[in-house]
Amino acid sequence: MNCQYHSHSFEAYCNRELGAEALREYEMHANQCSQCSAALSQHQDYLGLLRENEDDSLESWAAARLLRNATEQARERRQSRVQITAFLQGVAASFVVCCSVVLGYVYLQGSEPAWQDPLLAMSDSIPEASPLLSDVHVKIEVPTTIHGAKLAFHLPKGVRIQGYEGQTRVEWETDLVKGANELVLPLVVSGGVKLDASTNINAILEYKGQYKSFTLTLPVTSNG
Amino acid sequence: MKKISNIFVRHREETVESVVSPHLDALYAQAFQYTGDRDSAQDLLQDMLVNILQDEGKVLKLDPVKPWLMRCLYNRFIDHCRKAGREVDARTEIELDQLEGSERGPESKYYHGQVVKSLSCLTPDQRVAVVLFDLKGHSLEEVSNVMGVPTGTVKSHLHRARKRLKEKLSVQPFRPKERYKE
């Protein structure tokens with residue numbers, strides 16, 4: 001027959017969950033119940049044997065050595081972690097700088113698909129001896145309508161824009177519609193100026209802090 | 001221990017050591033009960049110290065610090081067991097010489113070896129529960145905090161561990177009470 005006390009109270013007794021009153025009752029019952037008495041006795045033996053298993057103690061010199069070694073290892077690991085973190089931060093920063101430089105170079109060199117190279121249409125032969133008046137057609141294509149863009153032309157020696165003969169640089173603000181925009185520049189070439197393959201007009205289109213530069217190459221004729 | 005804690009009073013970097021060193025004895029005793037031999041206990045304790053000393057700020061903020069240290073030791077013990085991939089009955093031979101540092105008679109050493117062998121047959125969680133509750137006398141709540149599990153789980157560990165230990169230890173030739181009479 002299974003003792004009810006044993007079923008309900010023995011585990012609580014082992015786990016020290018019985019209050020003072022309940023503990024006293026259980027111990028009184030155990031004195032009269034063979035099952036509970038045997039269980040209690042076995043548990044006491046078990047605890048006694050367990051507590052016979054004395055702790056080992058650490059000598060003071062061993063404890064000091066343990067602590068010293070642990071401190072040194074912890075310091076080395078911290079330093080190693082700092083070095084690794086600094087290295088990774090340096091790599092990340094270098095990567096960001098390189099990307100910025102590359103992207104900036106690519107943008108300024110005109111490799112962005114949003115900007116297309118201008119189409120240059122030139123008029124025919126240019127006599128060498130006299131001042132030449134010739135219209136230069138410049139086609140500028142933009143992907144979207146922009147207002148307030150600035151156009152600037154840097155003119156080579158001997159080449160000027162009619163009406164702006166005294167200026168080597170002509171700049172003005174303009175609006176550009178989406179698609180192709182044709183600009184006609186009436187150029188005046190001074191007498192005696194020989195045009196060759198290196199005669200270029202440098203132009204810059206600026207819009208909201210972004211710049212697009214392009215070069216207009218003046219054609220070289222075979223006359224004269 | 002007092003001499004060690006006095007050494008670490010002066011320097012800022014060694015303040016953490018002065019906080020930890022008073023508990024080294026108790027922590028080592030626990031580690032010894034967990035692992036069953038001196039070398040493993042020292043390894044376990046050193047491993048735990050290396051980890052906690054990397055975060056000095058956290059250690060200095062704790063009050064009290066001992067429950068946290070006990071929790072760290074328990075976690076390191078579980079990690080060690082997992083890495084070692086220990087089976088429950090892995091220990092068959094125990095070198096009695098390495099089991100304790102104090103002098104014992106042959107019979108005492110025998111029992112000590114039997115207890116250690118029996119403890120090593122428990123799972124790590126069962127072993128920790130028995131060491132902390134039955135051996136060291138901590139309360140269920142304290143053991144629950146160290147192990148990071150509910151008290152119900154602690155009781156379950158205790159129940160299974162005791163059953164297994166009592167079966168193993170009950171076959172011993174001499175009862176402790178009889179030895180006490182000697």
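Looking only at other chains, what is the average number of their beta-carbon atoms within 10 angstrom of each beta-carbon in B:70-82? Please list the in-between numbers first.
On the way: counts 0, 0, 0, 0, 0, 0, 0, 0, 0, 0, 0, 0, 0.
Whole-number average of other-chain Cβ neighbours for B:70-82 is 0.
Enter the buried accessible area of the B/A pair, total of both sides, probe 1.4 Å, in Å² rounded to the nearest 100. It would help to have the intermediate numbers written out before the result.
Numbers: alone 11240 and 15960 Å², together 22950 Å².
Approximately 4300 Å², summed over both chains.
How far apart, in nm, are the 7 Å Cα→Cβ label points at B:D63 and A:Q79?
Between B:D63 and A:Q79, the label points sit 3.3 nm apart.
So the label point goes 7 Å from the Cα of A:H137 along Cα→C-beta, right? Which residues of the range A:165-200 then have their backbone N under 19 Å from it?
A:177-188
I'd like the FRET efficiency for B:D39 and A:L103, computed as 1/(1 + (r/R0)^6) with the beta carbon distance as r and R0 of 51 Å, rounded to 0.05. Don't skip to the end; give the middle numbers.
Numbers: r = 59 Å, r/R0 = 1.16.
So, using R0 = 51 Å, E works out to roughly 0.30.
Taking R0 as 60 Å, what FRET efficiency do you get between B:E142 and A:K150 from their Cβ-Cβ distance, rounded to the nearest 0.05? Show your work: numbers first, answer last.
Values: r = 78 Å, r/R0 = 1.29.
Efficiency for this residue pair is about 0.20.
Which entries in the list A:K157/A:K178; B:K83/B:K136; B:K61/B:K163; B:K58/B:K83 go over 31 Å, if you measure between the two C-alpha atoms of each? It would help to have the intermediate numbers written out before the result.
On the way: A:K157/A:K178 33 Å; B:K83/B:K136 26 Å; B:K61/B:K163 41 Å; B:K58/B:K83 26 Å.
Beyond 31 Å between Cα atoms: A:K157/A:K178; B:K61/B:K163.
The values are calculated or read from the model by the stated rules, or taken from the named source; none is laboratory data. Because the structure is a prediction, the values reported are computed rather than measured. Note: ideal-geometry Cβ built from the backbone for every residue, glycine included; neighbour counts use all protein chains shown. Heavy atoms of the whole protein, side chains included, go into the accessibility calculation; ligands, DNA and RNA do not. Shrake-Rupley method; radii C 1.70, N 1.55, O 1.52, S 1.80 Å.
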